[in-house]
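Following: one structure in structure tokens, then a few remarks.
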Amino acid sequence: MPDHKTVLVVDDAPLNRKLIRTLLAMKKIRAIEAQDAEQAFELIRQQTPDLVLMDLQLPGLNGLEATRMLKSDPKTKSIPVVILSAGSVREDDCELREAGCAGLILK
């Protein structure tokens, strides 16, 4: 069986995680899920995802702070992080680029 890609979905809303997991499964992409940044870091230590979809507004550490931490760690800096946002963030936002985000998906 060929290796499937793995995406870490970090979102505090269970329905959002379920929707994303369902969409990824349709493309034969395995989703692992975290409800906050701390849980995401724990999962990343256990298995290295091919991509992280990171909600911008998380309880505790927000998505940009978590992305900065991932990008500052040599073990995780190569993992692409795409921010998920329901807000008015723009893809050309300097703060997103400076944090190391690979892109933005508006919910």
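The values are calculated or read from the model by the stated rules, or taken from the named source; none is laboratory data. Please read these numbers as outputs of a predicted model, since none were measured by experiment. Note: ideal-geometry Cβ built from the backbone for every residue, glycine included; neighbour counts use all protein chains shown. Surface areas here come from the heavy atoms of the whole protein model, side chains and all, with no ligands, DNA or RNA. Shrake-Rupley method; radii C 1.70, N 1.55, O 1.52, S 1.80 Å.
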Taking the residues in region 31-40 that are in contact with an Asp or Glu (Cβ under 9 Å, 6 or more places away or on another chain) and of a type outside the set (A, V, I, L, M) as candidates, determine which candidate is most open to solvent (accessible area, probe 1.4 Å).
Gln35
Those residues of region 51-73 which are open to solvent by 70 Å² or more (accessible area, probe 1.4 Å) and among the acidic types (Asp, Glu) amount to Glu65
Log entry, pairs with first residue in region 17-32 being closer than 17 Å to Leu106 by Cα, second being of a type in the set (A, V, I, L, M, F, W, C), beta carbons closer than 6 Å, six or more apart or on different chains, reads Arg17/Val9; Ile20/Val9; Arg21/Ala31; Leu24/Val7; Leu24/Ala31
Checking Leu84 against (1) open to solvent by 50 Å² or more (accessible area, probe 1.4 Å); (2) under 14 Å from Val10 (Cβ atoms), the condition it does not meet:
(1)
One residue is enough: does region 11-25 have a residue meeting the conditions modelled with pLDDT of 95 or more and either in contact with a Gly (Cβ under 7 Å, 6 or more places away or on another chain) or assigned to a strand (DSSP E or B) (or both)?
no
Pairing a residue in region 76-96 that is at negative phi and outside any helix (DSSP H, G or I) with any residue that is open to solvent by 20 Å² or more (accessible area, probe 1.4 Å) and modelled with pLDDT under 85, where Cβ atoms lie under 8 Å and the two sit 6 or more apart in sequence or on different chains, gives Ile83/Val89; Leu84/Lys107; Ser85/Lys107; Ala86/Lys107
